[in-house]
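Notes follow once the structure below has been shown.
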Amino acid sequence: MDASDADLWASYCSVELAKRSGCGIQALLMPLTVHGTDDRRLSWAHADHYNPHDLRETFSFVVSLANARGVSINCHFFRGAAEQELVDFFKMKRITCLVISAQEEDQLRARVKAIAAINKQLKKDERWYNGPLRMLIARPWDAETFERILADIHSSMQLNFMW
């Protein structure tokens with residue numbers, strides 16, 4: 001997550017997938033882009049998205065939604081993580097599937113490329129036994145789907161949301 005609007009849909013998809021498959025969620029928030037470094041830091045969000053209030057709201061929303069659906073969730077905060085740090089994190093937490101989204105097409109391409117690089121590193125590691133890292137892309141929704149999802153979230157959480 002990067003505290004953007006795309007997180008609403010991706011979070012909803014993650015919670016529903018976890019509920020249906022009997023899995024838990026490791027929510028990863030990476031709000032800050034780091035450009036031009038030699039240590040291959042990954043770019044998930046634009047620097048102007050970094051707002052501590054938005055980050056708290058994002059985690060609060062995802063945790064509330066997961067709790068309402070009976071899905072276990074652990075939240076992690078990375079502020080500009082190097083590729084190897086994420087590879088190690090995925091191994092340690094045994095993450096086998098990612099749900100990603102983005103507001104803009106170029107952001108989505110960058111995320112897919114970054115995850116492909118992580119997957120390549122995992123495949124090379126003899127300690128990785130979970131097969132290829134799966135990626136689910138939560139694409140933007142149309143107005144009708146958006147209204148249905150908000151109604152579903154509202155009924156699940158018994159809360160009023162203001163958008």
Going through (1) within 14 Å of the chain's Cα centre (by Cα); (2) crowded, with 16+ Cβ neighbours inside 10 Å; (3) closer than 17 Å to Val15 by Cα one by one, Arg139 fails only at (2)
Within the set of pairs 6 or more residues apart or between chains, which connect a residue that is more than 17 Å from Ile137 (Cβ to Cβ) inside the range 8-30 to a residue that is assigned to a loop (DSSP other than H, G, I, E, B) and small (Gly, Ala, Ser) with Cβ atoms less than 6 Å apart? Gly24/Ser72
Hey, which of the helices (runs of 4 or more DSSP H) in the range 1-106, taking only ones fully inside, have at least 3 residues that are farther than 23 Å from Asp152 by Cβ and modelled with pLDDT under 90? 52-69, 83-93
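The values are calculated or read from the model by the stated rules, or taken from the named source; none is laboratory data. All values reported here derive from a predicted model rather than from experimental measurement. So basically every Cβ, Gly included, is an ideal-geometry build from the backbone, and we count neighbours across all protein chains shown.
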